Structure formats: structure tokens, C-alpha cells
1. Out of the stretch 364-388, which residues are under 25 Å from THR350 (Cα atoms) and surrounded by fewer than 18 Cβ atoms within 10 Å (Cβ to Cβ)?
2. Report whether or not ALA221 is in contact with a Cys (Cβ under 7 Å, 6 or more places away or on another chain) and either surrounded by 24 or more Cβ atoms within 10 Å (Cβ to Cβ) or over 28 Å from SER540 (Cβ atoms) (or both).
3. Do the conditions hold for GLY299, that is, is it surrounded by fewer than 16 Cβ atoms within 10 Å (Cβ to Cβ) and free of Cβ contacts under 8 Å to residues at least 60 places away in the same chain?
4. Would you check if ALA467 is crowded, with 22+ Cβ neighbours inside 10 Å, closer than 23 Å to ARG134 by Cβ and modelled with pLDDT under 85?
5. Exactly one of (1) open to solvent by less than 20 Å² (accessible area, probe 1.4 Å); (2) under 30 Å from LEU441 (Cβ atoms); (3) at pLDDT 85 or above is unmet by GLN587. Its number?
6. With the structure loaded, tell me whether ASP423 is exposed (fewer than 14 other Cβ atoms within 10 Å of the Cβ), modelled with pLDDT under 90 and within 15 Å of LEU132 (Cβ to Cβ) or whether it fails that test.
7. Please find, among THR212, THR195, THR203, THR183, the residue that is open to solvent by less than 20 Å² (accessible area, probe 1.4 Å) and β-branched (Val, Ile, Thr).
Amino acid sequence: MQDFETFFQTATGYGPHGYQSRIARDGLPDLVAAPTGTGKTGVILAWLWRRLYGPDPGGTPRRLIYALPQRSLVDQVSGEARTWLANLGLTDEVALHVVMGGRGETQGDWRDEMHKPAIVVGTVDSLVSKSLNRAYGIGRAIFPIDFGLVTNGAHWIIDEIQLCPESTTTLRQLAGFAAKLGTAEPFGLTCMSATVPEGLLETVDRPVVGETVKILPAERAGELAVRLGAARTIRRVRADPGDYKALAARVRGLHRPGTLTLVVLNTVPVARAVYRELRGGPAEVTLLHSRFRGIERAGLMADVVARPADRIVVSTQVIEAGIDLSAAVLVTEAAPWPSLVQRAGRCNRTGLVENAEIWWLPPAKPLPYEQQDIDAAGGELAGLEGVAVTSEDLLARAVPSTRDQVRVIRRADFVGLFDTSPDLAGNDVDIAPYVRDTDDLDAEIAWATWTPGENGAPDPEIRYPAAEYRCRVSLGDTVKLAKERKVWRFNQVTGGWTTVTQQSQSRPRPGEVLLVSSADGGYDPETGFDPSARGPVLGSPELLTPEEFAERATAQAAAEAELAEIVAGAEDAFAADPASVAPRKWQSLDEHSSQVRDQAAALLTAMAPPGISIEAARSAIVAGYLHDVGKAHEIWQDAICALAEDEEQAEIAVGRPWAKSGGKSGALLFAGGVAFRHELASLLLIDGPLSALLAESPDPDLTRYLVLAHHGKLRVQVRDRGDLAILPEGEASEKKILGLEQGATTAIPAMLGRPAATLTVDLDQFQLGGDRSWTRTVLGLRDRYGPFVLAYLETLVRIADWRASGGKELPTP
């Protein structure tokens, strides 16, 4: 077994601090309280060592979920983790997933390879939304999978908790729920910060903080002692607030050639104004804030980290949390004291800068902060004029700052989020108050080109651009942008793109991905989101329909792209039923069913989840075998066989029933234009003519749920499509759901060792007031197994389906 010190040295090139070694030896605590710049990110390696080589690998969750308050910090932490894994030779063994990150940032597949160790890095809102079954920035059908993976076999680390009290409170509650409701695999939570606001960690369902790790006196040695002793002298900038030309001139005078100067302003407009005054001088000037697309942000950050010398960086709060920069001079607007302490940590971070200085001035306006917090911080700084202080000196000063009331999610509300069905307008429960300050909520906007349809709309079959082409924009600014430009959203219920309007019901939702034509402008690659910028937006992607993509790529490339979209969580229409996923050849229903069953069994063997009973495991394996039997319905078989080339039509007709198409990919076109979901047909078949196969399940209701839920579209509720207002004119009926009509009969061919049979459609369990209630059945399962375990089993069957469809080898322990 490799010892932790050698493991850490191999990964980083230097030895661990004493407190990092303690965490590796004793386990990840509830709280790590350590000053900025002391290597808290290295706790990732403590988790990884324990998972791979520690005394109890099975007791260490297989996934590390690392939640950060700023997008810029995500880039840095994921970059460090990527380097560490490469140095350790673990790139192929441990997946690294960057939530809403660009191509090249993610390696491995944390979903498809759910049995392997994985590090998942993202902002608090992108990650905590997953834990509430409403993941921001991905399609609704993937909500349950990500929920299952971040709550079972997951250890969370949330860094700089003072900057994200809403998410911290929610995760503390989540830890309480996991302990009470049970998980399939172990769950853990570690909070980290230099400053821990009083009472933040003491929530109603997790009132006791638990084990806390601090740096012990004996551990304050070597490089760590130098960093802890790093001092900066406080001075006041003699410039009027709001006089950006004068401030820029003062920054030029303070800048020391060959060193890094940081200028931290409180708002993006102010940062942009000061940047424009500074650029063009002898020192290189870089602008950093939260309103850049990922593709520009990553390039800017990489350039700054690689070449910090003789550079002025103008930034906003994104610089506060953990970015490993060490400036000789920091110029900052006054801000609440905890923010100023974080900003100070970027000045002389290494402790090696001589005569480091922090210069400050009041802002012209307090926003986004409270005036009393600005005044309190300014008064404290004025009293420190000419004094050299360390980060710990600043932390020790009791400067008042406003603490907003944080909304606490309660157990009943959390359990209710298991149902991911939209309301009749396609909207969701608003989880934003549990994730972020409601004044600090963003949508994601992507600028792109496409072949315009009616009124300029994108084609319904195009998908969102990759994450690196998205820019976070506040909800208020998104509404303003929509006044002058068409801002497009995908409506899953109607299956098409509609524009954001000024009406309240059309207001952008937190985490929603929206499209703007690159020709319409609103973004500058140098300065970021800017409504005054006129198009075109350079470097925007072209969005293609499956047909357009197929014209430019090989069939295999098109198939791989389709699978990648589904696995990545691209949004699609409720009624869309794909012809295949990564088709390699025509595949029989019998063969695919056996492969999914075997994948499910192998995953369970490889993971050996302690919270899953033998009966539940067997029920899930049976569900894997039966999940696609509804594809044998003639409506689905007629549609898939229509994809065959003319010369193979006769041969394909004889081979029915098929599960996968070797022909074209994309959405199936059903006769008469009906909406049809094969999962519903699967449920009706195992309730009816294939009930003998269902009888092999120790828990038939669990198997039935896992069969219906295996695409994430039909779960707790199966509504009449007329209620969702998306049936063709005249088709809405209380007796028809998704193309299946009460009492209709259909011949079902022989399959899975069973003879040919007849299906008689019985929809009674989905009707209001029916003798049986599907929703009541599912809620009973949720309460009996608990939402975490039920989601885990759901995820297991769906991942087994993906792995079989993608031709993956069976996993091994």
C-alpha cells in the first residue's frame, strides 16, 4: 500500500502539510477551518488516497463532489485535479467531470462509469441543484440520474462556505436527510473556510457541527509557516470614488514592473470601466469577471496563471475565492469584511513578496452590498493605515457585516422534489432560494448560428451548445436583453423553441440555458457580456439538426454524437423517442434486453452497495431485462423499420422485433403523427401478457417503476397528453395517453422466450379517480425505499441501458 506522503509528493511535487496528512489518516471531517492559501484543495488527495489505498476504501464514497462559489475557482481546482491524476497515472481510472465545463476539461465519464471513482467539480448552484433533483443547465430527463449519483456514494466538499450560505445550509440539511432516510452507498459532507459564520452549520436536521480540523501549532512549519506569516501594509487610495480615470492612473503608479497587481472592484460595469482606462499601457492588462463565456474565461485564466509577471488584473468578486495568485499590490474597493479578508489573501499569498501593499477606497455606490457593511469595513481599514497585517490578523478583527436570512429546506419539501414532472406550463418548483441568494441568480446564454425556421426560430431538433459557449447572465440582465433581441428557450412540453418575453410567466429561470443569434450581438470576447455590443459575436458555434449533421459527418460520428448528447443531458421534447442510441447495427430486442440485464447485474456486483437488499437488486436486474419490451408494439416497430434502406426492408421486416436501428438516427416518426413513449407500452405489457416475466421480480412494483422510468420522462406522474396541451388537434382524450387508447388491442410478437400474445390497453391506473393509482404506487415506493435509494436503483437501470447501447464491456469489481 502506498503511503499518503509519497502519494501526495507524486501528485504535487511537494510534501503534504501536517493537517492534510491527519485528514488522510483519520478521514474527512465535518469542517476544515484553515486560513486562505494553506492548501485546502489538497483535501482532494486525502479523499483519493483513502478511496484507493486507505484502511477502509469501502467506507470512503467513490465520488468526490467539490462545490465552489465562483466559476473561476472551478477552472483552477479542476486543472489542479487533472494534473494530479496525470502525475499519479490515474487518468483512466478516476473520472474528472467539470460541471458546465468545456470540452477537454472533463475526462472519463462519471455517469456511464458509475462504478469507478470520480471527482466532480462545479459551482455551488450547478451542483446543489443536482442534489435537489433539478440540475441547472441540463435536460430534465437527466435530473434523476445526477440526483442519484451525487447523493449515493458521494462525499461533498463545499469550499468558502461564507460566500455561499444558502448552498451550505442546504447541504447540511441533505446530510441530515441522508442519515435519516438511508442511502445505497455512504454519503459524506465536509465544509471548508477560513471564516465560519456563527450558526451557519447548525441546521434543524443537522444541528451538531461534528469533527473540526484546524492547523495545530506544531504543524505551522516550513512553507506553511511562511504563508501564515505573510504580511501586507494597508493604505488608502487618494482618488474620488467613481473617478475611474484617476483610479486607473493611481494603479499605473502603484504597479511594480515585473510583478502582479490586482484591482478588485465590486461590480462588472465598474471593472469594465477601469479596465478600459488601463489597457494600452506598458503593463499587460487582463479583465476577469463572471460574465464571460467559458471559452474566453478559460483562456484568460490560463494566461494569467501562466504569466502573472508584469501584469495588471482587473477583476470582481470572482478573484476572492481560492485563485492561486500572489500579487505585490492589491487595489480594492471597500466591501463587507469577509470579502476583504478573501481579497487580501490574493496579496503576498506565498509570503515571499517584500513590502506587499493593500490599497483601498470606498465605492461610488454600495451595490451589491449594504452601505453599513461598506462603512464598517472602511472604518476598520482607516484605523489600520500603514499597518502590516496577516490574514489571521484580519480574521481576528470583529467587524460587523450583514447576514441575510437563509431559507432552510425541510424534509417534506425535499422528498416532494423526487417528482420531476413539470407543471402544465412546463415549469418547475423553484429551488433557487435553497441554492443562491435570490438577488444573485443567473441564466446561461449561448450565442450561436443555425438555419432559421419560422420567425427565425431554431429547429426543434437542435440542441444547446457545449458549456464553453455559454455565459452566465443575471436574470434581470437577461430580461433586459430580451427587450431588444430574440432570446430563445427550448420548451420540453411543446417540443419547440419559443422566445422569452416581458411577461412574468416567461421570465428566465435560474440555470436555464437560452440561445441568442450570434448576429444579434450582446457579447464582446474581450469584455464579456455587454448589451451595448453589436454583433456578430465571434467564435460562436453552428448548431445543426441531425440531418444537417449527417450530411457533414459519417454515420458512426452522428451516432456517437447522439449518444454523447443523451449522456451529457441535452434537453429534448417530452414526446421525442429516439430511433437508437449510438447504433452500430440492427439489434434484436432479445439481444439488447439480455445485455442490459447483464450490465445491471455486473454493476451491482462491482459496486456492492451496502444499502441495497438482495431483493431490491434482483428486482432492478429484472427491470433491466424488461425495460424495452414496449418497443415490440407495432407502432414503434413500424416506425423503426421505416428507417431501413430500401434494399433491406424485407429482411428487416422478418427480423422484428428490433431494439436498435442500423439505419438512420433521430426521432422516430409514428403513424398519424401520434406521440408514443415505448416505456409506457413496456409497463402495460409486463402488467398484461408478459406478467410471467414480471413474476420473477421479488418486488414487482419496484420493477414496474424502474421499467417506466428508464428514460426519465415518465416517473411519478403519467398525465393525459391533452392536459399538457401537446397532442395534435382532436387527439386529446381521457382514454388516450401517448398514442395508446383504452381497450385497444395489438398483436405482440414472440420475444424473451415468451410466445406471441395480444396486448389490451388498460390505462385505469393513470386516470384521476381510478381504482388503482400509479402515482400512489410510486410514492409508496419512494417512502419505503427512501428517495436516495430509489433514485440509485433508477440510475442503475438507466446506466446499464446506456452501457449496453454503447457496447461497453461488463464492469468488474
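1. Answer for the stretch 364-388, where residues must be under 25 Å from THR350 (Cα atoms) and surrounded by fewer than 18 Cβ atoms within 10 Å (Cβ to Cβ): GLU385, GLY386, VAL387, ALA388.
2. For ALA221, the condition - in contact with a Cys (Cβ under 7 Å, 6 or more places away or on another chain) and either surrounded by 24 or more Cβ atoms within 10 Å (Cβ to Cβ) or over 28 Å from SER540 (Cβ atoms) (or both) - is not met.
3. Working: surrounded by fewer than 16 Cβ atoms within 10 Å (Cβ to Cβ): yes; free of Cβ contacts under 8 Å to residues at least 60 places away in the same chain: yes.
Here the answer is yes, as GLY299 does meet what is asked.
4. Values: crowded, with 22+ Cβ neighbours inside 10 Å: yes; closer than 23 Å to ARG134 by Cβ: yes; modelled with pLDDT under 85: yes.
Yes: the conditions hold for ALA467.
5. Result: GLN587 fails condition (2) only.
6. no
7. Details: THR212 fails: open to solvent by less than 20 Å² (accessible area, probe 1.4 Å); THR195 fails: open to solvent by less than 20 Å² (accessible area, probe 1.4 Å); THR183 fails: open to solvent by less than 20 Å² (accessible area, probe 1.4 Å).
Unique residue meeting the criteria: THR203.
Condition check ((1) farther than 21 Å from ASP590 by Cα; (2) at pLDDT 90 or above; (3) surrounded by 20 or more Cβ atoms within 10 Å (Cβ to Cβ)) across all residues:
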| position | (1), (2), (3) |
| --- | --- |
| VAL674 | yes, no, no |
| GLU679 | no, yes, yes |
| LEU702 | yes, yes, yes |
| HIS710 | no, yes, yes |
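The values are calculated or read from the model by the stated rules, or taken from the named source; none is laboratory data. All values derive from a computational prediction rather than experimental measurement. Neighbour counts run over all protein chains shown; Cβ positions are idealised from the backbone, glycine included. Just the protein is used for accessible areas: all its heavy atoms, side chains included, with ligands, DNA and RNA removed. Shrake-Rupley method; radii C 1.70, N 1.55, O 1.52, S 1.80 Å.
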